[in-house]
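**Student:** I'd like to ask some things about the structure below.
Any read-out appearing in this document is the output of simple, stated calculations on the displayed coordinates, not a laboratory observation. Small disclaimer: the values here were computed from a predicted structure and weren't measured. For neighbour counting, all protein chains shown are included, and Cβ atoms are generated from backbone atoms with ideal geometry for every residue, glycine included.
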Amino acid sequence: MYTINKALLVVLLIGLICVGGMVHWVHGLQNRRHADFFLQRAHAAKAEQKPDEAAEEFLRYLRLAANDGNARAELGLLQADRGRFAEAFPTLEEALRLAPDRQDVRRKLVEVAIRLRRPSDAEAHLEILLEKRPDDPELHEILAAALAARGKYVDAAAALETAIEKGPDRLSAYRALAELLRTKLDLAGEADEWMSRAVKENPSSPEAWCLRGEYRRQTGRLEEAADDAAEAMKLDADSPAALMLAAECALQLGDYDEACDYSRRGLDLDPGNQRMRIVLADTEASGGNLDAAVATLRNGLGTGRGGPKTPQNEPDARGFEPGPGDAVLLHSMAMVLMGGGKTAEAAKVIDELEKLRYPTPLVAFLEAMLAWHEGRWVTARDGFEQVRRKIGPFREMARQAEYHLADCYGRLGQRQEQIAACRRTIAIDRNYTPARLKLAELLLAKGEVDEALAAPRNDARGGLGDGARSGRGGENGDWRVGRSVAGR
């Protein structure tokens, strides 16, 4: 009869356990070595400014070391800096779960949440940050943005006031508060007071004078804005912002020689300043010198901050073809050419923009403008209707789309639609006089006398537009649209 050798069985079991433990230990050692290898590669790629490669190596590392909160934080910060906000949000959240004391991660998560239009998440994390840093003005300003995104405008204004109290030199908070008070809370007078307070608290800052000057320019007080630009230049004669403000004020006031002087000075100091170049081209075009305006824009191709000139297969006269960094100048060139009646040349510029993969809604806007200038009213109407809801972030362009749409409706005899488009134009920019006058004319023709008389008056609640007292923008369109693109 067979019997079990219990001693041998115990020895075998102990041996198996030892072998299994040894295999597990060796496997763990190999994983740690592999993980360390991937982490080293991630840090090396990051140091060499290869963010995409670094992100891939971090992902490989985290598959082997999922609980490394610091590495996950590095990956999330990298993704956020690369604009991959949808990927960054869960990565940063998990990093905070693993390393809840990483305040830099929480701060970045707030930024990402706002970018993803998740203001509630941003607000929750901001409350935690403010508990630790209640005197940080930037946090209060970010909180205001989150509150405003949720429609809590009064609370947002209070948060901005706190930001200014904690940091009187934080000019962006004054600007945000003035915009909020004027456009959302119908408190234009208080907005004006806060802009003046920005200068009072920072009298030696040219940026503060420029801030109030730009605010005044956009709300139609051009002489006061020009005075602020002059004060800024007393503090810093070479301030690009002051020269830009002075040039734009002179342009809108019709002093083209002065506008050219300021914008040329600005370009001498900073040849790559595309917005300054567009102002100069606008001034030259407004003064009737179309060829000079086009030359100014062409001379800027390749000099902007979008990147250096790159040799191409079909170069222009200087040996270079426009690259992606030149799109804003080409946009402005198309508008200038159309305004000067050179629609065939403008169509070629629009084709260049399409080759550069310029955003489709902006190309569609230019094509609608081309149709309008060529008198193809139905095509222009349909084009503006399709694009007007897609270009909201470009306020000046959106205004022009609505205003020219109103004109198309008028030429096609669609009066009710024309009135509605005029009203939408004014909703975008309450200071835009051509739309107000046209609306008054249409309402008077309908017999609505009281409303017609009220239409030309600027509403005190008006937002920060750019149409006040400008002599342009009527029959020939508005060539300044390129500046709204440059500003973005």
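**Student:** Compute the separation of the alpha-carbon centres of segment 242-307 and segment 178-231 and state it in Å as a whole number.
**Tutor:** Spelled out, the Cα-based centre of one part sits 24 Å from the other.
**Student:** Can you list the lysines whose alpha carbon is less than 29 Å from that of LYS390, not counting same-chain residues fewer than 8 positions off?
**Tutor:** Straight-line reach from LYS390, under 29 Å: LYS108, LYS152, LYS184, LYS342, LYS348, LYS355, LYS438.
**Student:** Follow-up. Is segment 202-259 best put as rounded, prolate or oblate by its Cα gyration tensor, with a ≥ b ≥ c the root eigenvalues, rounded for a/c under 1.5, and otherwise prolate when a/b is larger than b/c, oblate when not?
**Tutor:** Oblate, because a/c is 1.5 or more while a/b does not exceed b/c.
**Student:** Taking 0.36 nm per residue of separation and subtracting the Cα-Cα distance, what length does fully extending LYS390 through ARG357 add?
**Tutor:** 10.2 nm
**Student:** Could you work out how much longer the chain between ARG117 and ILE14 gets when fully extended? Use 0.36 nm per residue separation minus the Cα distance between them, nm to one decimal.
**Tutor:** 31.2 nm
**Student:** Rounded, prolate or oblate: which fits segment 203-313 when a ≥ b ≥ c are the square roots of the eigenvalues of the alpha-carbon gyration tensor, with rounded for a/c under 1.5 and prolate only if a/b beats b/c?
**Tutor:** Because a/c hits 1.5 or more and a/b fails to exceed b/c, segment 203-313 counts as oblate.
**Student:** Still on this model: Figure the gain on full extension for GLU193 and LEU98 (residue separation times 0.36 nm, minus the Cα-Cα span) and round it to one decimal in nm.
**Tutor:** 29.6 nm
**Student:** Continuing with this model, one more query. For HIS43 and LYS184, FRET efficiency with R0 = 51 Å and r from the beta-carbon atoms, rounded to 0.05?
**Tutor:** FRET efficiency, LYS184 to HIS43: 0.65.
**Student:** Which ³J(HN,Hα) values in Hz, rounded to whole numbers, follow from the phi angles of segment 338-353 under the Karplus curve 6.51 cos²θ - 1.76 cosθ + 1.60, where θ = phi - 60° and Gly and Pro get x?
**Tutor:** 5, x, x, x, 9, 6, 5, 5, 4, 4, 5, 5, 4, 4, 4, 5
**Student:** Quick query: amide H of GLY300 versus all other amide H atoms, modeled in the peptide plane; which residues come in under 5 Å with a sequence gap of 5 or more or a different chain?
**Tutor:** none
**Student:** Okay, moving on. Rg(Cα) of segment 161-241 divided by 2.2 N^0.38 Å?
**Tutor:** Normalised by 2.2 N^0.38 Å, the Cα Rg of segment 161-241 equals 1.04.
**Student:** Assign one of three labels to segment 96-221, namely rounded, prolate or oblate, based on the Cα gyration tensor with a ≥ b ≥ c the square roots of its eigenvalues; rounded applies when a/c is under 1.5, prolate when it is not and a/b is larger than b/c, and oblate otherwise.
**Tutor:** Judged from the Cα gyration tensor, segment 96-221 comes out prolate (a/c at least 1.5, a/b above b/c).
**Student:** Now, a different point. Using the alpha-carbon centroid of each, what span in Å lies between segment 329-392 and segment 43-63?
**Tutor:** Taking the Cα centre of segment 43-63 as reference, the centre of segment 329-392 is 42 Å away.
**Student:** A further question on this structure: Using r as the Cβ-Cβ distance of ASN67 and LYS132, and R0 as 25 Å, what FRET efficiency do you calculate, to the nearest 0.05? If you can, show how the numbers build up before the last one.
**Tutor:** Working: r = 25 Å, r/R0 = 0.99.
Efficiency at R0 = 25 Å is approximately 0.50.
**Student:** Here's a follow-up. Calculate one ³J(HN,Hα) per residue across segment 358-370 by plugging θ = phi - 60° into the Karplus curve 6.51 cos²θ - 1.76 cosθ + 1.60, and present them in order as whole Hz with x for glycine and proline.
**Tutor:** 3J(HN,Hα) across segment 358-370, in whole Hz: 4, x, 3, x, 6, 5, 4, 4, 5, 5, 5, 4, 4.
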